[in-house]
Structures are given as structure tokens and as C-alpha cells.
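The values are calculated or read from the model by the stated rules, or taken from the named source; none is laboratory data. Bear in mind that the values here come from a model prediction, so they are computed numbers and not experimental data. Because the Cβ atoms are built from the backbone with ideal geometry, glycine has one as well, and the counts that use them run over all protein chains shown.
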Amino acid sequence: MPSWHAAVEYFPQQVISSPAGGSKVVDYLPGFDGPLPFHLETGYIGVGESEEIQLFYYFVKSETNPKDDPVILWLSGEQGCSSLTGLVYEIGPLFFEAKMYNGTLPTLWLNEQPLTK
């Protein structure tokens, strides 16, 4: 099994620590050596008349001009598809080192061409 399967299950558990409607700045992630060199925020946002539905989000601030750059909302796939996969394999500032799963967490590397630059 590729290591990213385990990471997709483990990674969200490491950043979800805020109550519904709250947010948390994430400075460190398992598998990345040192503090994150970009601004990562996670949390929940309420939708619906009473905000009865809580959607989890990852927010990565623009690394070039956050005051003027547009915000991109990235939604992936269909029901049951995780946007985490798109974040770490397509558009985000980090990616997982792809290796066969060996029981440990995968290494996270900086993406040199994320949408945040």
C-alpha cells in the first residue's frame, strides 16, 4: 500500500483540534522537518441557515501577495473523495514522498510550484 494512504488517514487527525466554527494555525506537521515555512490554518465553517452543517477546511495563505491575491476554493472529486489528496499531490505547498507503506509516517517535502506562489 502506498504511504499516502496511511497519511491521508493520519494527517487530518493531527490538525483537527478546534471546535466547530473555530480555526487553528498549524505551525508543525509530523513528517516535515521543522516549522512550516507558510501559513496553514484549519478549522470548520458553518453552512446552512443555522450553520448546522460544519465543513472542514485547510487554508494556505498566498506566499506572494496575500492582501491582493485572490482566494481559491478547491473542491475535489465526488462524495467520499478527500480534498487532502489534491492539497498534497496537486496544488498545495507540501507533498508526500511516495514510497511503499512501511508502517511509518511519510516524509513531507516542499512543493516548489504550489498555487500559493
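When region 41-58 is examined, which residues are found to be under 17 Å from the mean Cα position of the chain (by Cα) and free of Cβ contacts under 8 Å to residues at least 24 places away in the same chain? The answer is Glu41, Leu55, Tyr57.
Which members of region 73-88 meet the condition of being part of a loop (DSSP other than H, G, I, E, B) and of a type outside the set (A, V, I, L, M, F, W, C)? Answer for region 73-88, where residues must be part of a loop (DSSP other than H, G, I, E, B) and of a type outside the set (A, V, I, L, M, F, W, C): Ser76, Gly77, Glu78, Gln79, Gly80, Ser82.
Applying the criterion of being without any contact (Cβ under 8 Å) to a residue 12 or more places away in the chain and of a type in the set (Gly, Ala, Ser) to the residues of region 71-88, the residue that is nearest to Tyr58 (Cα to Cα) is Ser76. A residue that is among the acidic types (Asp, Glu) and under 13 Å from the mean Cα position of the chain (by Cα) can be found somewhere in region 84-101. Scanning region 89-104 for residues that are over 11 Å from Val60 (Cβ atoms) and crowded, with 18+ Cβ neighbours inside 10 Å yields a count of 2. Given the structure, is Pro70 at negative phi, in a loop (DSSP other than H, G, I, E, B) and within 16 Å of the chain's Cα centre (by Cα)? Criteria not met by Pro70. Exactly one of (1) at pLDDT 90 or above; (2) assigned to a loop (DSSP other than H, G, I, E, B); (3) of a type outside the set (A, V, I, L, M); (4) surrounded by 12 or more Cβ atoms within 10 Å (Cβ to Cβ) is unmet by Glu41. Its number? Here Glu41 clears every test but (2).
Scanning region 89-105 for residues that are in a loop (DSSP other than H, G, I, E, B) and either free of Cβ contacts under 8 Å to residues at least 60 places away in the same chain or over 25 Å from Glu41 (Cβ atoms) (or both) yields Gly92, Pro93, Ala98, Lys99, Tyr101, Asn102, Gly103, Thr104.
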